[in-house]
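Any read-out appearing in this document is the output of simple, stated calculations on the displayed coordinates, not a laboratory observation. As the structure is a computational prediction, the values presented were derived from the model and not from experiment. No Cβ is skipped: glycine too gets one built from the backbone with ideal geometry, and neighbour counts run over all protein chains shown.
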Amino acid sequence: MANSEYVIEMRKITKAFGAFKANDQVDLQVRPGEIHALLGENGAGKSTLMNVLSGLLEPTSGQIYLNGKPVKIDSPNKANSLGIGMVHQHFMLIDAFTVTENIILGSEPNRGGVINIHQAEKDIQELSDRYNLDVDPTAKVADISVGMQQRAEILKTLYRGANVLIFDEPTAVLTPQEIEELIEIMKNLVKEGKSIILITHKLSEIRQAADRCTVIRRGKTIGTVEVAGASSEDLATMMVGHSVTFKIPKQPAKLGPTTLQVKDLHVNENRGIPAVKGVDFSVKSGEILGIAGIDGNGQTELIEALTGLRKIVSGEILIKNHERANAAPRKITETGVAHVPEDRQKYGLVLQLSLAENLALQTYYRAPISEHGFLDYGKMREHAKRLIKEYDIRTTNEQLRAGELSGGNQQKAIIARELDRDADLIIVAQPTRGLDVGAIEYIHRQLIAQRDAGKAVLLISFELDEIMNLSDRIIVLHDGKIAGEVRPETTTEQELGLLMAGQTQAETAKEEI
Amino acid sequence: MIKVNSTTRKILIPLFSILAGFLVGAIIMLFYSYNPLQAYGSMIQGSLGSSVSIGETLRQATPLIFTALGFSVANSAGFFNIGLSGQALAGWVASIWVALAFPNLPTFVLLPLAIIAGALAGAIMGAIPGFLRAFFGTSEVIVTIMLNYVALYLSTYLMQDVMPAHFRTSQDATKMISHHATLHVDWLSHMFGDSRVHFGLFLALIALVVVWVIMKKTTLGFEIRSVGLNPFASEYAGMSSKKTIIMSMVISGTLAGLGGVMEGLGTYQNFFIQTASMSIGFDGMAVSLLGGGSSLGILLSALLFSILQIGGLGMQTGAGVPFEIVSIVTASIIFFVGIDYVISKLFKNKDNANKELPKTPIAKEVVTEEKDAQEGGRL
């Protein structure tokens, strides 16, 4: 047995949630003193695997070896004591405490119940100096930059004796300069003998920082490669893969007038940080415009701005030549917009209300469903029965609570409600997330039918297959900006993958040569 | 585990809670050497044993129906209205004030006017926390609790320093209202042995129907329920959650205000200094929760509460049980209703025994993760 070849070895890890396997016989081997990237799309199973390693989840089967010895990691504390530390994507820090107080929290050095804070501060200062982390142990977390907060998190794991550090999407919240610094820090750490597992889906970071890279797709290990010997395309292909495509035949687009025009749109996310940073695009009637991109690059804020759920900072939104920036959702709806929201259970449905009530959620206030402020439940049920039949929603009856329908039928109900209103602009976000193949095909057919009927369709999806199959044009959103516009018939998934990972079209073209 | 359908279940759970409450009360009485059978006997005797006691029980239930309805409307919109006491007090003061200001107007003008004044005062008191929550996101729990104190001391100030002096008989109480403003009707009172039961009882029954219609049959009620169940989806569907929350609090305050009107124009016929927040406010919350927020449930649980309260007096005189024990029985019933989740485990729902969604946060996380994983899984 190779006793010291790998510091961490995970063999045939399977983690099942019910019938679904988030990890299916995944292997991961990390050498001491390397930065090992774990690459995969959203939901490929990276987090599940790391949660298994850090003791948050127990694997259904499989074995973890630490320095060649089998170990059982059944709690985060166990992982800690084995020297495995996690630097979380969302920092686990208390704002009102100092860096030192945060770091010692849970393992306070004390003498007779009195915390020896000065000793702790000294130790932390030493650690900070040793790894060039530049953290002031006496500063309050609320007063320091995001980058320093992250370094405080790193210190926390080091203070607790971590030998293997897991970085979960560490660059998601950092500025480009801070990313450079972080990569330097990681290189320093491995120079000092630590090992790092870097979870990411950004190719550029892997190329800059990692020694080797393991790619996971659909919960399975695709392979491990030396980063130096692999191109970005290789990695993108491994990440995205070539899955079965069931292309739905579609006629060439018959373009009509412009239905949606977005000009220099700026939108902030909840914390007031810019999320959409100057986006221009338009959708004509009779076409499907796909917006591709990795989760968290401004898609959610863009849709919310278009549908009135979020205020914009600046820019213009013209729907059928009416200015609709910062208009109320109902005003936008009545302009002729249908919206299939990203999160169907939070935004699309009121799960405790009946299917009939949910199907009337956008039209309940108008005749024939209500008159003079009084609801006509008879009419509401008739309306529901018609939609159930037309859109093939599988349910025992229209009085069933929406929460009791299957995911696919919940989505069908939303599609039915939205498409039935005969809107000119249809905004659909992640329409097939979590659905089975049959439901996906059904929804795709519906969207193409709408396009052929002369509607303008704006499709936001993280799934490349879906974007490629349905769109007439594709724009790629990265970091709140449009990274490029391509046509599905002339682009490749690799090119899209690179654009999604933040390369510009010029760079992409260069690499292709 | 007993398998029953969902309707039977809805009835069985509160019944079982009540039974358990009485049982605990009996154990406590046995512990202190009181005879529980005799005590419960005199409770029934005291509350339902004679026409006058029935009248008093109905009179006691009248304001409770209003405050409980008020709580249920706000609760449907996801608003926990603890300010029912203050809203009721505002209604009481306003109705008495109007009644004393125009004592000689004919009944068909003065009575509605005084009632509307009380309703309006309650509505304003209710609108304040609704408005604050909708526009500033303040916690309604804190605001309504504090407003209870505002109402309590404001009512004293208004009576002692703002009302014209000739409205008062002393520093502590107003004059009686004229017979043009009273809810008291002779035939009803006579029917129940000259008890204080008054016409407000019928108004309460009407309110039960009206609230049911508003909540179940109007677009406003649909919006209130929808916003309460899922504010995100409601906003997405073009409802204004701000407007809906304020409207629900206006209705809630109106109903609570009417509860106060019942005490003023019905029970007491005047206003006198209050030293603590009105109990009908807090009892109304319990009645609403016990009744499951439905009109029929509220009617029945308001009657139950009144039986406990009026009958409690009977327990004291008839069986020598201190009123504190009665309070314990009432409290244990509320307690058992509060933990109806435990009792509901006894009666498994036959209709969807196997379909129930996971409820714990952990299970939810797993579901989300599973969903995300599937999404990535097909890329």
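Need one word for region B:101-251: rounded, prolate or oblate. Basis is the Cα gyration tensor (sqrt eigenvalues a ≥ b ≥ c); a/c below 1.5 gives rounded, then a/b vs b/c decides. Intermediate values should be presented prior to the final figure.
On the way: a/c = 2.83, a/b = 1.54, b/c = 1.84.
Judged from the Cα gyration tensor, region B:101-251 comes out oblate (a/c at least 1.5, b/c at or above a/b).
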Completion exercise
Residues whose modelled amide H sits under 5 Å from the amide H of residue A:167, counting only those 5 or more places away in sequence or on another chain, are A:87, A:197, A:198, A:199
Completion exercise
Summing -39500 (n - 2.57) over every DSSP H run of at least 4 residues in chain A and dividing by its residue count gives a helix-only mean residue ellipticity at 222 nm, to the nearest 500 deg cm²/dmol, of -9500 deg cm²/dmol
Fill in the blank from the handout: Once both label points are put 7 Å beyond Cα along the C-beta direction, the residue A:67-residue A:311 separation in nm becomes 5.7
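Using a 10 Å cut-off around each Cβ, can you sort A:90, A:383 from fewest to most neighbouring Cβ atoms?
Numbers: A:90 9, A:383 21.
Result, fewest neighbours first: A:90, A:383.
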Completion exercise
Counted neighbours (other Cβ, 10 Å), sorted fewest up, put A:444, B:166, A:36, A:88 in the order B:166, A:88, A:444, A:36
Problem - Computed label-point distance, nm, for sites residue A:386 and residue A:318 using a 7 Å Cα→Cβ extension - result: 3.5
Fill in the blank from the handout: Note to self: C-alpha centroids of region A:447-473 and region A:324-379 sit apart, in Å, by 23
Handout entry: Fewest-first ranking of B:73, A:225, B:211, using other Cβ atoms within 10 Å as the exposure measure
Key = A:225, B:211, B:73
Practice task
Pull out the extension gain between residue A:269 and residue A:111, defined as 0.36 nm times the separation in residues minus the alpha carbon to alpha carbon distance; nm, one decimal.
Solution key: 52.3 nm
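Using a Förster distance of 45 Å, how high is the FRET efficiency between residue B:194 and residue B:142, based on the Cβ-Cβ distance and rounded to 0.05?
On the way: r = 44 Å, r/R0 = 0.99.
Here the calculated transfer efficiency is 0.50.
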Exercise for the section: Calculate the mean, over all residues of peptide A:44-55, of how many other protein chain Cβ atoms lie within 10 angstrom of the residue's Cβ. Expected result: 2
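R0 = 60 Å: FRET efficiency of residue B:179 with residue A:118, Cβ-based, nearest 0.05?
Values: r = 81 Å, r/R0 = 1.35.
Taking R0 as 60 Å, the efficiency between residue B:179 and residue A:118 is 0.15.
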Practice task
Given the options B:259, B:55, B:318, state which has the largest fluctuation in a GNM of chain B using a 10 Å cut-off (strictly under) for Cα springs.
Solution key: B:318
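Which shape class, rounded, prolate or oblate, goes with chain A when its Cα gyration tensor gives a ≥ b ≥ c as root eigenvalues, a/c under 1.5 marks rounded, and past that a/b bigger than b/c marks prolate? Write out the running numbers ahead of the final one.
Working: a/c = 1.87, a/b = 1.76, b/c = 1.06.
The shape class here is prolate.
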Exercise for the section: Could you tell me, in Å, what Rg and Dmax come out for the Cα atoms of region A:8-240? Expected result: 17.8, 59
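Checking the a/c ratio against 1.5 first, then a/b against b/c, what shape does the Cα gyration tensor give for region A:51-189?
On the way: a/c = 1.87, a/b = 1.26, b/c = 1.49.
Since a/c reaches 1.5 but b/c is at least a/b, the shape of region A:51-189 is classed as oblate.
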Completion exercise
Taking placed amide H atoms and a strict 5 Å upper bound, the residues 5 or more places from residue B:168 or on another chain that come that close are B:175
Exercise for the section: Measure nothing fancy, just the Cα-based angle from helix A:377-390's long axis to the longest principal axis of chain A, in degrees from 0 to 90, nearest 10. Expected result: 80
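Counting only trypsin sites (Lys or Arg not before Pro) that sit in a DSSP loop (anything but H, G, I, E, B) with at most 15 other Cβ atoms within 10 Å, what is the longest stretch of chain B containing none of them?
Numbers: sites that count: B:345, B:350, B:355, B:359.
It runs B:1-344.
Could you pull out every whole DSSP H run in chain B that spans at least 20 Å of Cα extent along its own axis and averages 0.5 or higher on the Kyte-Doolittle scale?
Values: long enough: B:6-31 (37 Å, 1.76); B:51-76 (36 Å, 0.66); B:84-101 (25 Å, 1.42); B:107-136 (43 Å, 1.90); B:140-157 (25 Å, 1.31); B:200-217 (24 Å, 2.23); B:241-261 (29 Å, 1.04); B:295-319 (34 Å, 1.45); B:323-338 (22 Å, 2.16); B:361-377 (23 Å, -0.91).
Answer set is B:6-31, B:51-76, B:84-101, B:107-136, B:140-157, B:200-217, B:241-261, B:295-319, B:323-338.
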Problem - Antiparallel content of DSSP bridges confined to region A:8-240, in %, to 5 - result: 55
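With the contact rule set at Cα under 8 Å and sequence spacing of 6 or more, what percent relative contact order holds for region A:8-240?
Computed over region A:8-240, the figure is 29 percent.
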Fill in the blank from the handout: Rounded to the nearest 10 degrees, the helix A:176-191 long axis (Cα) sits at an angle to the longest Cα principal axis of chain A of 40
Problem - For region B:33-98 versus region A:60-79, the gap between their alpha-carbon centres in whole angstrom - result: 61
